[in-house]
């Protein structure tokens, strides 16, 4: 089992995607199927951007084992008031500034949902959100 | 077709990422929404956009775009250019708008 750990600062768009890029390199080295790698990278990038765009800070925990990849993003932030609503395509609470960069179109969580085998979201308003994404390596 | 071929054919200006001019083109995707590109662009596609910040290169690299084409002479921010050079993904500029350049590429790539 391999464990990786990355920190994210809220609002730091210049480093958004850093963890995704590092994880991609590791999965390539481990010869993970490119299709699976792509799914993991898409969902991790979206989750990373969500923390940067909405939370104060967060941490990413990646666990790669022979049959699955578990990625957990734990953030301190405003939390999500209504997770079902947040999952709807097109729904977004992103700021105008973030939208002008081409983020905040309400497609992030939908992309994550489409590209993970299992998605769990735990959120507490005014405290933070934990997003757990599981990808099976033998099922795809 | 390679990136350098469309540079010649469509008279594009190479602003950075020259080391990627031999990248093979598989098609193109036109969008200014990063999540749309993240979810829908295919490996080796050109990405046509007016977004000029560093995150464009993060998405282009993660999804293995062959090059980024900036429309209407939009100029990349310095850190976008820097990342293009690091990632070997060319940034190309055109005076054309997204509709026109997309149409020309569609013809070129489907012949």
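Since every read-out is calculated from the coordinates, none of them should be taken as a lab result. Being a predicted model, the structure only gives us computed values, none of them experimental. With ideal geometry, Cβ positions are generated from the backbone for all residues, glycine too; neighbour counts draw on all protein chains shown.
Data overview
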read-out: Relative contact order %, chain B, counting alpha carbon pairs below 8 Å whose residues are six or more apart; value: 31 percent
read-out: The range B:34-67-the range A:1-65 distance, computed between alpha-carbon centres (Å); value: 17 Å
read-out: Bins of 10 Å from zero: percent of alpha-carbon pairs in the protein assembly as shown; value: 7, 32, 33, 21, 7, 0
read-out: In degrees, nearest ten, helix A:34-54 long axis to first principal axis of chain A (Cα); value: 30 degrees
read-out: For the range A:69-140: rounded, prolate or oblate by the Cα gyration tensor [a/c cutoff 1.5]; value: oblate
read-out: Average partner coverage of B:29-35, which counts Cβ from other chains inside 10 Å; value: 6
read-out: Value of Rg/Rh across chain B [Cα atoms, Kirkwood radius]; value: 0.91
read-out: With Cα atoms, 0 to 90° folded angle of helix A:18-29 axis to chain A main axis; value: 10 degrees
read-out: Rounded FRET efficiency, nearest 0.05, which uses the C-beta distance separating residue A:3 from residue B:79 and R0 of 35 Å; value: 0.70
read-out: FRET efficiency, 1/(1 + (r/R0)^6) with R0 41 Å, evaluated for residue B:22 and residue A:124 via beta carbons; value: 0.20
read-out: Rg over Rh, two decimals, the range A:2-136 (C-alpha only, Kirkwood Rh); value: 0.95
read-out: The range A:33-91 - percent relative contact order, Cα under 8 Å, separation 6 or more; value: 26 percent
read-out: Theoretical FRET efficiency, 1/(1+(r/R0)^6), r = Cβ-Cβ of residue B:40 and residue B:104, R0 25 Å, to 0.05; value: 0.75
read-out: Inter-probe distance in nm under a simple model that places probes 7 Å from Cα toward Cβ, at residue A:113 and residue B:72; value: 3.3 nm
read-out: Quarter of Cα convex hull surface for the range B:55-111, i.e. mean projection, nm²; value: 4.1 nm²
read-out: Partner chain coverage, peptide A:47-54 - average Cβ within 10 angstrom; value: 1
read-out: Length-normalised contact order for the range A:2-136 - Cα pairs under 8 Å, 6+ apart - percent; value: 27 percent
